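Quick notes on the structure that follows.
Read-outs throughout are calculated quantities, based only on the coordinates presented, and are distinct from any laboratory measurement. Remember, predicted model here, so these are calculated numbers, not experimental data. When we count neighbours, we look across all protein chains shown, and the Cβ atoms used for this are built from the backbone with ideal geometry, even at glycine.
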Amino acid sequence: MSMRRWQVLTLLACFAWAAVQSWLPGQEPEARSRRYDRDPWRLVVPSGKNETAVKAAFQEALGPASAATVQVRADGEDVALGAVVESDGYLVTKASVLDGKITCRFKDGTVKAARIVGQDSNQDLALLHVDAIGLPTVAWHEGDPPPPGSLVATSSPGNEPVAIGIVSTDLRRISGPEGPQRPRGWLGIELGGGVSGVGVTSVAPRSAAAAAGLRVGDEIRQVDGAAMQSAAQVVQSVGLHSPGEAVKLLVHRKDANTEISATLAKANAFPREEPEDEWGGGPFSERRGGFPLVLPHDTPLRPKDCGGPLVDTDGRVVGINIARALRVITYALPASVVREVVSELKRTAGREQ
Amino acid sequence: MQIVGYVFRRPSLVLATRCLTVCSALLLVAGSTAAVEPGDRPVTSAIASDPNPPKGVADLKALERTVQKIVAAVAPSVVYVAGGSGVVVSSDGYVLTVAHVARRAGRNLVVIFPDGRRARAVTLGNDYGLDAGLLKITDDGPWPHAEWGRSDDLNPGQWCLTLGYPVSFEHGKMPAVRVGRVLHDGKKEIITDGTIMGGDSGAPLFNLDGRIIGIGTKCIDLLVYNIHVPIDRYRDDWEKLVQGKDFDSLAPKQALLGVIPADGSDEPRVASVIPGSGAEKSGIRAGDLLLKFAGTELHKFAELPPLVQRHRPGDKVEIELRRGTETLKLQVKLGRRNAGDDQ
């Protein structure tokens, strides 16, 4: 909801880009105005840890894992990577991003429709099935998880890994909300003006509020017919709506009341205001908390790069990336956890059939 | 360049205020342990300064073995302190951190080692310009410590490691490790793509010899823009830091005349002269009444400092003064003002 900070961050990103420009010859001079139009992690910096040469060196080790990595799409949009775990068509991926018609694109370019066999919302892992036989599968890392300092790469179905990184700590438990939260509608205003704090102090460009004609200085007297006494009450009332729904506002402007109807947007199109996010480096996964056991590593990924294999320098899969969590950390479910979930989901599905 | 945030748990930091006080109580602490020094500048190995990317799996595995070895060796010396991080650099407990964690000389803090041990510490000096800060553990050691490296001979492209306690990572446990490469090796700051965030303020940056080359201070939104204070600047500042001085080594150099007024008096009369200053060398004495500084008449002592600050260290100015019944004209070469000096 805090628009002002979003603007500031956008501005800073531009400065940052200019700053990088000054000591990185050969970068595209294209200035990026919106924060998430660019891919901060994908910025291939000469002499950086994710420059092409480093990824190419890792690709040699990744061969089989890369062949077992798929691009997962929901309604035609890339939402995650996935890993083939059994040659007769079973794959795993991140569960909470699967919404719509699911397809998998394989390394050889074939695209297959996928069925969700089962989901473990505790681990945020889904078992998919595609109609295929003889698929290349991942080779699991056996034994203890790799110690801190171990090099890892996130494989892709393409010709190079998505990015490389290292294991940051031992396995840890991550508290936080388990399971996907109901998406909240996003209006795009900042409040705090007026006597009771229901005065609009800023309106985000391209937001639902801007489209509906809300202006700075407006006072929101009612939401859906209920009188508003405080900014918190407005936030709560608007938040009861899901994205795509309309909210009715009674707005006091220049000594007159106006009725305004705004169709809410998806809140996660904008940075979440988690305290640990104030150091930038996003976007982050929507579900990134509430995991019983994860392997934290420092590989910079986008949320849609989760769901696929995390691979060691022997080409063994040490885990499945499950959440882009912090500026400095991505979580992977350890191989042992994933294998247990897979057999459990298969067993449950078999019983139901 | 604009900064998104200091890599610190508490975001509201004001470093603009310069604190130029010297805490004399700290001199006692520092005086008793001043034997520890950054030491000679060690030679950086060819492996540590190699700017080339690994050429294949064998190179990657070699890099991995080195990284794992360093992590195991240095992790015990990386401490959590006051919402940030730090690294112990001597067995008797000197701890490098950043000024926006230590904040000012003379604060009592607790540092927490990865094995859960807690030790009492006191903040020594801070260089607010560079954001360098120093602590001293006051409990008896020996403490696990890491070795000083060099930052003035970095090679862009060389690999590096950061260990610290980013927000949401527990202290009293193994610090979180990040890998990166040096992207820019400035004298005032090192830029790497080893990501740091809140809580990593004061987190050490190591080269592949396992030696400290920098200390984490800031980051911006871009993941490849993480800023560290070069370790050689801690060397440059060492004497002042150990003495518990809070200063700003990047502040413009200010001129110093070297005369001190009498307490409670407003007249431009010299009560004493700073030994070794330009005033003393030119022959100004206690009791002299200053009449003119560089041609400008003085009526109050308070008028003098701004006049001095119009000049730079080394400038020669004429001073007119009355001594007894005599009026004298003296040429004074201005010196350099240090923290805490009067005019």
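Reducing region A:112-169 and region A:285-353 to their Cα centroids gives an inter-centroid distance of 7 Å.
List the equivalent ellipsoid semi-axes of region A:55-156 in whole Å, largest first, each obtained as the square root of 5λ for an eigenvalue λ of the Cα gyration tensor.
23, 16, 13
Taken one residue at a time, the phi angles of region B:134-145 give Karplus couplings (6.51, -1.76, 1.60, θ = phi - 60°) of 9, 10, 10, 6, 9, 6, 5, x, x, 10, x, 9 Hz. Gly and Pro are set to x. Using Cα positions and a limit of under 20 Å, work out the lysines in reach of residue B:329, with same-chain residues fewer than 8 apart set aside. Here the lysines satisfying the reach criterion relative to residue B:329 are B:281, B:292, B:300, B:316. Put in order of Cβ neighbour count within 10 Å, fewest first, the listed residues A:88, B:153, A:255, B:193 become A:255, A:88, B:153, B:193. Pairwise Cα distances in region B:108-246 exceed 22 Å for 37 percent of all pairs. On a per residue basis, the convex hull of the C-alpha atoms belonging to region B:48-150 measures out at 119 Å³.
Adding -39500 (n - 2.57) for every DSSP H run of four residues or longer, then dividing by how many residues chain B holds, sets the calculated 222 nm ellipticity at -4500 deg cm²/dmol. Computed 3J(HN,Hα) for region B:100-105, one whole-Hz value per residue from the Karplus formula 6.51 cos²θ - 1.76 cosθ + 1.60 where θ = phi - 60°, is 7, 9, 6, 6, 7, 5, glycine and proline marked x.
Over the Cα atoms of chain B, the radius of gyration divided by the Kirkwood radius equals 1.10; this is the Rg/Rh ratio.
For region B:203-232 versus region B:258-289, the spacing of their alpha-carbon centroids is 46 Å. Note on region B:260-343: Rg/Rh from C-alpha atoms, Kirkwood Rh, equals 0.91. Taking amide H positions as modeled 1.01 Å from N, with prolines and chain starts lacking one, the residues under 5 Å from residue A:222 and 5 or more places away or on another chain are A:228, A:250.
Relative to the longest principal axis of the Cα atoms of chain B, the long axis of helix B:231-242 makes an angle of roughly 50 degrees. A cut-off of 5 Å between modelled amide H atoms, ignoring neighbours fewer than 5 places along the same chain, links residue B:203 with B:85, B:216.
For region B:5-247, the relative contact order works out to 26 percent when only alpha carbon pairs closer than 8 Å and six or more residues apart are counted. Beyond 18 Å, how much of the Cα-Cα pair distribution for region A:185-269 remains, as a whole percent? That tail contains 31 percent of the Cα-Cα pairs. Which of the residue pairs B:173/B:240; A:49/B:136; A:94/B:218; A:112/A:304 have a Cα-Cα distance greater than 24 Å in the structure shown? Cα-Cα > 24 Å for B:173/B:240; A:49/B:136; A:94/B:218; rest within. How high is the FRET efficiency between residue B:117 and residue A:173 when r is their beta carbon distance and R₀ equals 22 Å, given to the nearest 0.05? Computed FRET efficiency for residue B:117 and residue A:173: 0.40.
Using only alpha carbons, region B:35-99 has a radius of gyration to Kirkwood radius ratio (Rg to Rh) of 1.07. Averaging the sequence gap over all C-alpha pairs within less than 8 Å and six or more residues apart, then dividing by the number of residues, gives region A:185-269 a relative contact order of 32 percent.
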